[in-house]
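Below is one structure; the comments refer to it alone.
The values are calculated or read from the model by the stated rules, or taken from the named source; none is laboratory data. Here the structure is a predicted model, which is why all the values come from computation and not from measurement. These area figures cover heavy atoms from the full protein model, side chains too; ligands, DNA and RNA do not enter into them. Shrake-Rupley method; radii C 1.70, N 1.55, O 1.52, S 1.80 Å.
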Amino acid sequence: MFELGLLCPEQSVEALSDALDALDALSVSVEDADAQTDAEHALFGEPGMPPPAEGWQCSRILALFATEEAAREASRLLEVQDFFEGCQLLGIHPVEDQDWVRLTQSQFEPVEITPEFWIVPTWHEPPAAAKQVIRLDPGLAFGTGTHPTTRMCLRWIAAHPPRGQRVLDYGCGSGILAIGAARFGAGRIDAVDIDPAAVQSTKDNATANAVELHAGLPDAAQGRYELVLANILATPLKVLAPLLCGHVEKGGHLVLAGILERQAGELTAAYAPYAELAVGDTQDGWVLMTARL
């Protein structure tokens with residue numbers, strides 16, 4: 001394979017990317033040309049902060065082609081286009097052939113939630129000490145257990161097994177929390193998300209882990225539950241306060257994540273009319289907040 005490198009201003013990124021796709025590039029990636037310099041500019045904002053910019057002022061586009069000739073032909077065609085004004089060809093370089101699947105897999109190891117509870121990619125054998133295992137492959141969308149918020153939720157489930165309980169995973173993503181609840185003996189489990197693709201992902205992961213749950217859009221959440229889990233972000237969690245608390249059975253637990261440490265006070269205030277939230281766990285600048293209704 002051969003890599004074609006381009007330097008371009010923000011306004012040209014979309015046109016160049018579309019053109020490269022049309023020219024049969026195997027892949028197209030865009031990165032900050034000023035990365036790791038004083039001019040580096042982050043695009044990803046946080047809840048409650050001003051919205052991030054849509055692109056970098058100067059971007060590096062890297063496109064992979066099957067042959068050197070295909071890469072050179074693409075560069076020749078691009079250089080004569082009007083939208084190439086202000087852009088620059090960085091060069092064409094061979095890319096060493098690798099077993100990309102094996103390389104990707106080698107970067108991911110089983111994730112320890114507790115000494116006896118692990119998330120294990122399908123290409124790994126579970127650790128000898130693992131008594132509870134969730135099979136989930138990193139690289140798939142919607143969450144795979146490596147983020148601190150997910151790990152804190154799973155630790156809470158392991159410490160408070162919902163045996164026989166009715167459980168709601170609101171904003172289920174991959175369904176990892178719902179599957180975790182099933183591993184620890186939950187009864188009826190409803191997993192809901194606004195994204196139909198996440199709902200399908202949850203169904204697929206449940207099948208792969210041989211657990212029974214009910215996945216659907218948010219209106220599939222019906223009635224009250226002894227455990228309500230929501231690992232989303234602080235802003236939607238604040239908006240959802242009355243809805244989520246309304247789904248918690250009297251004496252039941254509410255477990256919230258996706259909250260930065262500095263946002264804990266905001267969440268406490270937002271939920272004050274319905275529940276008394278407390279910080280139950282912290283990891284890497286994130287907090288887990290819980291309440292008993």
When every protein chain stays in place and a 1.4 Å probe is rolled, Met289, Met1 sorted by accessible area with the largest first are Met1, Met289
Between His160 and residues 5 or more places away or on another chain, which pairs have amide H atoms under 5 Å apart, with H built 1.01 Å from N, and which residues are they?
none
Where does the chain land at 222 nm, in deg cm²/dmol rounded to the nearest 500, when only DSSP H runs of n ≥ 4 count, each adding -39500 (n - 2.57), divided by all residues?
-8000 deg cm²/dmol
Using only the alpha-carbon atoms, how far is helix 196-208 inclined from the longest principal axis of the chain? Give it as 0 to 90 degrees, nearest 10.
70
Value of relative contact order over the chain, rounded to a whole percent, pairs C-alpha under 8 Å and six or more apart
13
Just by accessible area at a 1.4 angstrom probe, what is the order of Glu125, Glu68, Glu79 from largest to smallest?
Glu125, Glu79, Glu68
Angle check, please: helix 148-159 long axis (alpha carbons) against the longest principal axis of the chain (alpha carbons), in degrees 0 to 90, nearest 10.
30
Largest fluctuation, Leu177, Leu277, Leu26 only, Gaussian network model of the chain with Cα springs under 10 angstrom, belongs to Leu26
Partners for Lys238 among lysines (Cα-Cα distance below 28 Å; same-chain residues under 8 apart left out):
Lys203, Lys250
Accessible area per residue of the chain at 1.4 Å probe, in Å²?
52
Leaving out ligands, DNA and RNA, what percent of the accessible area of segment 173-293 is carbon and sulfur, probe 1.4 Å?
54
Give me the Kirkwood hydrodynamic radius of the chain in Å, from all C-alpha pairs, to one decimal place?
21.7
